[in-house]
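Working notes, beginning with the structure itself.
The values are calculated or read from the model by the stated rules, or taken from the named source; none is laboratory data. Values in this document were obtained by computation on a predicted structure and should not be read as measured data. We place every Cβ from the backbone using ideal geometry, glycine too, and count neighbours over all the protein chains shown. The accessibility values were calculated without ligands, DNA or RNA, using every heavy atom of the protein model including side chains. Shrake-Rupley method; radii C 1.70, N 1.55, O 1.52, S 1.80 Å.
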Amino acid sequence: MRWISRITAAAAVLVLGASCGQGRQGADSGAEGGERELTVLAAASLTDPFEEVAARFSEQNPGVRVRFDFQGSSTLAEQIIQGRPADVFASANEKNMTKVVDADAATGKAEPFVTNRLTIAVPPGNPAGIRSLADLAAPGKAVVTCADPVPCGAATNEVEQASGVRLNPVSEENDVTSVLQKVQAGEADAGLVYVTDVRSAQGRVEGIDFPESRQALNIYPITTLQDAAQPELAAEFVRFVQGPEGREVLERAGFGAP
C-alpha cells in the first residue's frame, strides 16, 4: 500500500509539473506573439517616407507597431538628453545628433543614411514672381524660414553666408513642416524648405531650385538610443531604413545618398 501511495504521489507531481510547464510555455508564446511597440523620434522632413518605411517594416514583422514623433531635430535632441524614453533617433543634421552622442544617450556611432538640400517653396502660380534666392531679399517679399537651432535654419544661414544674400524673414518656425504650411496657406510669398518637402506637397506648392543650396547639404544620421525599451527591434529598424527597401522609399521621396 505504501508503494502504491508513493507511485500515485509521484505521478501527481509529474502531472502538476507538466501542467505548469505548459502554462509557462503558453505565457511565453503569448508574450512573443503580442504586439511590440517601437518609438522613433525623427526630423519633421522625414514624415512621409518614414511612415511608408514603417508600414513595410511592420508587414515583415507582424505584431510590431512603430510610433513616431516628428519634430524639429533640435527639439527632439534636447528631449532625449533630458531623459525622454525612445528607441530610435533620426536627425536632419549631424550637429543635433552629436549632442545626443556626446550626452551618452546613443548606442554606438550614429550613421548617415540620407542627404537633403534646401529649395524655395512658393504658392501655386508663384504670385510674387520669385525666381532666385536674391528675389527673397527684395523689399516687400514675405519670406518664412526655419529658426536658427533647427537644421533647416542652420542650412539657411549657410546659404546666406555662401551667397551674400541676407534675408529678413517675417517668421522663423521651429520645424520645416510649419514653414511649408505657411506657404500653402498663402501667409507667405515664399519659404525655404527641403526639396523633399516640395515633392511631398506636390500640387499645393511649387519649388524653385537655386544653385546656392548645394553649399549647405544636410546629412541625416540615425541611431538607436541607450534607454531603448526594444533595443534589438530598434537595431532591426535602423538596418531596414539603411537597407534596399528603406533606401528605395527615401530616394523616391527626393533624398540623396549619404
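A few points about this structure:
- Helices (runs of 4 or more DSSP H) lying entirely in region 1-94 (those with 2 or more residues that are modelled with pLDDT under 95 and open to solvent by 40 Å² or more (accessible area, probe 1.4 Å)): 2-33
- Members of region 207-239 that are over 15 Å from the mean Cα position of the chain (by Cα), more than 30 Å from Gly129 (Cα to Cα) and open to solvent by less than 10 Å² (accessible area, probe 1.4 Å): Leu233
- Filtered residue count, region 123-166, keeping only those that are open to solvent by 30 Å² or more (accessible area, probe 1.4 Å) and either farther than 29 Å from Ala42 by Cα or over 20 Å from the mean Cα position of the chain (by Cα) (or both): 20
- Residue list for region 183-204, restricted to those being open to solvent by 10 Å² or more (accessible area, probe 1.4 Å), under 19 Å from Leu136 (Cβ atoms) and more than 22 Å from the chain's Cα centre (by Cα): Gln184, Ala185, Gly186, Glu187, Asp189
- Members of region 160-178 found to be out of contact with any Phe, Trp or Tyr (no Cβ under 8 Å at 6 or more places or on another chain) and either part of a helix (DSSP H, G or I) or not assigned by the TED database to the domain that holds Ser213 (or both), listed by number: Glu160, Gln161, Ala162, Ser163, Ser178
- Complete set of residues in region 95-107 that are assigned to a loop (DSSP other than H, G, I, E, B) and in contact with a helix residue (DSSP H, G or I) (Cβ under 6 Å, 6 or more places away or on another chain): Ala103, Ala105
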